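Participant: This is the structure, below, for whatever I ask next.
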Amino acid sequence: MLATHNPDSLRIQFEIDIQAPPAKVWAKMATLEGMNQWLARNLVFEHQVGGRFEMKGNLPGEGPYRFTGEVVTLIPEEELAFTWKHDPEEGTAWPVATLVTLRLVAVEGGTRVTLTHSGFEALGEAAGKNAYEGHIQGWTIAENLNSLKAAVEAG
């Protein structure tokens with residue numbers, strides 16, 4: 001997996017090649033059952049533009065988390081994008097949402113999937129930088145794209 005983050009624009013980007021055609025990769029993104037295999041187990045994801053997104057869980061040493069948002073782009077076999085807002089059940093929510101975009105591009109031997117998380121600058125300079133750095137760590141630890149690759153390539 002290739003990571004190409006940009007601290008100047010507070011843009012997180014991961015890229016992975018999966019040995020399967022875009023249709024097979026999309027199949028793991030187009031249903032809640034498929035997304036539960038690689039994004040999160042307790043996910044709410046309504047697969048339509050304007051559909052609701054919610055992910056919650058517990059981070060060891062940090063406690064519970066909750067992210068909410070809505071689907072903003074849904075182009076089969078090409079792109080899935082949804083807003084992403086820290087929205088804890090207790091505590092202070094982010095004032096604005098960021099954006100997670102997953103793009104699929106056919107390449108020789110399969111599909112290149114690029115995950116981009118952007119929009120942290122809207123949180124303000126200090127909060128945006130902290131959220132950006134925390135999410136680099138979070139996406140890295142979660143290994144979501146590696147889990148997507150394993151789920152797709154397993155059949």
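Bear in mind that the values in this text are calculations on the coordinates, not laboratory data. All values reported here derive from a predicted model rather than from experimental measurement. Cβ placement follows ideal geometry from the backbone for every residue including glycine, while neighbour counts extend to all protein chains displayed.
Participant: Are there trypsin sites (Lys or Arg not before Pro) in region 15-63 that DSSP marks as loop and that have at most 16 other Cβ atoms within 10 Å, and which are they?
Facilitator: Passing sites in region 15-63 are 41.
Participant: Another question about this same structure. What lysines sit close enough to residue 129 to cross-link, taking a C-alpha to C-alpha distance under 24 Å and skipping anything fewer than 8 places away on the same chain?
Facilitator: Straight-distance partners of residue 129: 56, 85.
Participant: In terms of Cα to Cα distance under 19 Å, which lysines are near enough to residue 28, apart from those fewer than 8 places away along the same chain?
Facilitator: Leaving aside lysines fewer than 8 places away in the same chain, those within reach of residue 28 are 149.
Participant: If you take every DSSP beta bridge whose two residues both sit in region 2-153, what share of them, in percent to the nearest 5, is antiparallel?
Facilitator: Once the DSSP bridges in region 2-153 are tallied, antiparallel ones form about 100 percent.
Participant: Along its three principal axes, how long is region 101-155 when you only count alpha carbons? Whole Å, largest extent first please.
Facilitator: 42, 21, 12
Participant: Loop-only GluC sites (Glu not before Pro) in region 55-155, please: DSSP not H, G, I, E or B, and at most 15 other Cβ atoms within 10 Å.
Facilitator: In loop regions of region 55-155 (DSSP not H, G, I, E or B), the sparsely surrounded GluC sites (Glu not before Pro) are 62, 78, 89, 90, 108, 143.
Participant: So what's the angle, to the nearest 10 degrees on a 0 to 90 scale, between helix 144-153 and the longest Cα principal axis of the chain?
Facilitator: The angle comes out near 20 degrees.
Participant: While we're here: Given an 8 Å cut-off on Cα distances and at least 6 residues of separation, report the relative contact order of the chain as a percent.
Facilitator: It comes to 27 percent, rounded to a whole number.
Participant: Three principal axis extents, largest first, for the C-alpha atoms of the chain, in Å?
Facilitator: The Cα atoms of the chain stretch 43, 31, 30 Å along the principal axes, largest first.
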